[in-house]
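*Asks:* Following this message is one structure expressed as structure tokens.
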Amino acid sequence: MKVVIIGGVAAGMSAASKLKRNLKDQVEIMVYEKGGEVSYGACGIPFYISDHIKQGRDLIARTAEEFSQSGIPIKTYHEVLKVDTDKKTVLVKNLKTGEEFTDSYDKLVIGSGAAVRHFPPFDQAYENLFEIRDVADGTRVKTALFDENNRHVVIVGAGFIGLEVSEACRRYGKEVTVVELADHILSSFDQEVSEALEGEMEKNGVTVKTGCRVTELKGENGRVTAVILQNGDETEELPVDILINSAGIAPATSFIDTVEKARNGAILVNERMETNVADVYAAGDCSIMRSGITGEYTYAPLGTNANKQGRIIGDLLGGVEPKPFKLIGSSALRLFGMDAAKVGLSEKEAKAHGLDYKAHTITGNSYASYYGTEKLNIKLIYDKATRKVLGAETWGQGIVVPRANYYAIAIYAGLTVDEMGFMDLCYSPPFSGVWDAALIASNTAK
Ligand SMILES: Cc1cc2nc3c(=O)[nH]c(=O)nc-3n(C[C@H](O)[C@H](O)[C@H](O)COP(=O)(O)OP(=O)(O)OC[C@H]3O[C@@H](n4cnc5c(N)ncnc54)[C@H](O)[C@@H]3O)c2cc1C
């Protein structure tokens with residue numbers, strides 16, 4: 001069996017590695033990657049930019065050479081231009097030589113990820129206009145941050161990446177402004193969480209401008225010198241030395257038109273990562289699957305999903321029954337002194353899906369009250385009739401993310417708030433009170 005894989009990062013290389021482990025020499029794999037790096041941890045890039053991680057190479061799990069030595073050949077700087085699913089071929093361009101050739105497959109795995117959207121006015125190149133997708137992007141931003149002449153940083157887009165990078169830039173003492181079109185940062189979270197994080201950013205010297213659209217870039221000698229913002233009828237001009245476009249991504253799927261896609265271009269897959277075309281599979285940021293909670297197609301471009309989805313394909317093609325996977329959409333971030341996490345649905349998502357839910361929030365202690373003073377908030381969303389947990393958001397200081405993870409398991413297993421309230425959790429003062437904050441949140445949900 002010959003398997004061609006498009007994309008050599010989380011989804012593609014998870015599929016390749018698992019498949020190779022399953023079938024050993026009984027499979028021929030070829031990976032095409034249009035960039036120069038493979039198998040890197042994109043999630044670490046903000047921390048590489050902040051200089052918490054010194055070397056970009058520390059983010060690379062295995063190089064293309066190492067994969068090739070283990071029987072998984074990778075051609076870097078090779079872009080797949082076109083897929084013909086009738087003939088089962090891919091048209092490939094060697095980006096270094098310009099040569100084009102055709103390769104054939106028995107099974108095709110698409111792990112082509114997503115690219116930063118270049119909508120106006122971000123559709124022109126400037127020396128100091130950056131985006132952050134791969135390690136080389138991180139190096140470019142980091143180099144610009146080390147330059148003391150660059151004082152003003154403007155980050156457009158207050159999603160996870162934009163926010164994490166805003167903290168990284170503040171660590172260099174820059175004047176940092178985050179511009180967001182929505183009314184609040186991190187718009188998938190409920191407003192109270194976003195507001196708490198906005199407060200944390202302001203406290204740490206990041207200016208947050210929400211409800212603002214970037215309408216124009218002023219340039220000089222190939223550099224952006226100012227950003228024009230519009231907020232209702234008001235316009236504002238911000239000076240800029242480093243401009244980062246973090247305003248959105250688009251699935252990289254233009255090379256294939258025979259598979260079903262969502263409006264944003266993501267390839268529709270089922271829970272086995274199968275597309276509507278036989279022998280074509282997709283995983284990671286280029287794909288979209290149904291939520292394990294609402295049953296609706298939900299785009300969740302997260303590294304945690306890409307790795308699992310790739311592995312599912314590696315098992316499936318390797319003749320092993322894949323482990324069950326439910327998309328819950330778990331995500332977390334740390335911003336300065338505050339952590340925040342979300343699993344399942346926020347209240348506004350439950351409302352938008354027309355669910356009959358209840359919401360309940362508590363503020364609790366991260367540790368035993370005599371051990372440490374850090375507080376966290378837990379917001380629970382649960383079904384009014386069945387009392388099954390639909391979602392949870394946790395935010396504050398101390399042990400924040402593990403408490404959200406506890407609810408991810410509840411959602412996965414279909415547990416009720418009542419079952420969660422008497423769960424036999426570990427207890428010792430450095431970890432919780434004798435009644436863990438998550439137990440209290442569950443028990444007080446009426
Ligand atoms: C800065 C940053 C921070 C993040 N932090 C987190 C986090 O904390 N937690 C989390 O869960 N997720 C995080 N993510 C998201 C996570 O990194 C992605 O979900 C994950 O990398 C997706 O993996 P992928 O393999 O689907 O796609 P990608 O990592 O995008 O890889 C796809 C690869 O395919 C290649 N490719 C595309 N088109 C072609 C083609 N036609 N031919 C050949 N090759 C092609 C691309 O060059 C790319 O290298 C972060 C992402 C970034 C950028």
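Only the coordinates and a few stated rules stand behind these numbers; no lab work does. As the structure is a computational prediction, the values presented were derived from the model and not from experiment. So basically every Cβ, Gly included, is an ideal-geometry build from the backbone, and we count neighbours across all protein chains shown.
*Asks:* Identify the residues of region 345-361 with backbone N under 17 Å of a label point that sits 7 angstrom from the Cα of residue 183 along the Cα-to-Cβ direction, or state none.
*Replies:* Taking a point 7 Å out along Cα→Cβ of residue 183, the residues of region 345-361 whose backbone N falls under 17 Å are 346-353.
*Asks:* Moving on. Anyone know which of 107, 87, 34 comes out most mobile in the 10 Å Cα GNM of the chain?
*Replies:* Highest fluctuation of the listed residues: 87.
*Asks:* Also, I was wondering about something else. Put a dot 7 Å past each Cα toward the Cβ at residue 171 and residue 25; how far apart are the dots in nm?
*Replies:* 4.7 nm
*Asks:* Could you tell me what a quarter of the Cα convex hull surface of region 129-245 works out to, in nm² with one decimal place? If you can, show how the numbers build up before the last one.
*Replies:* Numbers: hull surface 29.1 nm².
Mean orientational projected area (region 129-245, Cα hull): 7.3 nm².
*Asks:* Calculate the length of the line joining the C-alpha centroid of region 276-312 to that of region 88-114, in whole Å.
*Replies:* Their Cα centres are 21 Å away from one another.
*Asks:* Let me ask something additional. Between residue 428 and residue 304, what FRET efficiency follows from the Cβ-Cβ distance if R0 is 35 Å, with the result rounded to 0.05? All intermediate terms of the calculation are to be shown ahead of the outcome.
*Replies:* On the way: r = 28 Å, r/R0 = 0.80.
Working from the Cβ atoms, E equals 0.80.
*Asks:* May I pose another question? Once the Cβ-Cβ distance between residue 147 and residue 97 is put in as r, and R0 is 35 Å, what FRET efficiency do you end up with, to the nearest 0.05? Working shown, then result.
*Replies:* Numbers: r = 34 Å, r/R0 = 0.98.
In this case the efficiency is close to 0.55.
*Asks:* Cut-off under 18 Å on the C-alpha distance; same-chain residues fewer than 8 positions from residue 34 excluded. Which lysines are left, in chain and number order?
*Replies:* Answer for residue 34, where 18 Å is the Cα cut-off: 75, 82, 93, 96, listed by chain and number.
*Asks:* How far apart, in nanometres, would the label points at residue 264 and residue 231 be if each is projected 7 angstrom from Cα along the Cα-to-Cβ direction?
*Replies:* Simple spin-label model gives 2.6 nm for this pair.
*Asks:* Treat region 338-443 as a sphere of radius equal to its Kirkwood radius over Cα pairs and apply Stokes-Einstein at 20 °C in a medium of 1.002 mPa s; give the translational diffusion coefficient in µm²/s, rounded to a whole number.
*Replies:* Numbers: Rh = 13.6 Å.
Rounded, D is 158 µm²/s.
*Asks:* Over the chain, what is the mean sequence separation of C-alpha contacts under 8 Å (at least six apart), divided by residue count, expressed as relative contact order in percent? Could the numbers behind the result be given before it?
*Replies:* Working: 1027 pairs, mean separation 61.7, N = 446.
Result for the chain is 14 percent.
*Asks:* Can you give the FRET efficiency for residue 57 and residue 77, using 1/(1 + (r/R0)^6), R0 = 22 Å, r = Cβ-Cβ distance, to the nearest 0.05?
*Replies:* Details: r = 18 Å, r/R0 = 0.82.
Working from the Cβ atoms, E equals 0.75.
*Asks:* Report the relative contact order of region 73-190, percent, no decimals, based on alpha-carbon pairs under 8 angstrom and at least 6 residues apart.
*Replies:* Numbers: 107 pairs, mean separation 15.8, N = 118.
About 13 percent, as a whole number.
*Asks:* So, one more: Which value, to two decimals, describes the C-alpha radius of gyration of the chain once divided by 2.2 N^0.38 Å? Can you show the working numbers first?
*Replies:* Values: Rg = 23.0 Å, N = 446, 2.2 N^0.38 = 22.3 Å.
Normalised Cα radius of gyration, the chain: 1.03.
*Asks:* Under unit Cβ charges (Lys, Arg +1; Asp, Glu -1), what dipole magnitude, rounded to 20 debye, does the chain have relative to its Cα centre?
*Replies:* Details: 49 positive and 60 negative charges, 215 e Å.
That gives the chain a dipole magnitude of about 1040 debye.
*Asks:* Given a 10 angstrom Cα cut-off, can you work out which residue in 307, 149, 276 is the most mobile in a GNM of the chain?
*Replies:* Highest fluctuation among the options: 149.
*Asks:* Give the lysines whose C-alpha is closer than 20 Å to that of residue 218, dropping any in the same chain fewer than 8 places away, or say none.
*Replies:* Hits, sequence-local ones excluded: 209.
*Asks:* Per residue of the chain, what 222 nm ellipticity follows from adding -39500 (n - 2.57) for every DSSP H run with n ≥ 4, rounded to the nearest 500? Mind showing how you got there, number by number?
*Replies:* Details: 11 runs with 107 residues, N = 446.
The per-residue figure over the chain is -7000 deg cm²/dmol.
*Asks:* Quick check for me: using +1 on Lys/Arg Cβ and -1 on Asp/Glu Cβ, what's the dipole size of region 129-245 about its Cα centre, in debye to the nearest 20? Could you put the intermediate results ahead of the total?
*Replies:* Values: 12 positive and 23 negative charges, 111 e Å.
For region 129-245, the charge dipole is close to 540 debye.
*Asks:* For region 281-353, what number of Lys pairs, 8 or more residues apart or on separate chains, have alpha-carbon atoms under 18 Å from each other?
*Replies:* Numbers: 308/323; 308/326; 326/342; 342/351.
Step by step, the pairs that qualify in region 281-353 add up to 4.
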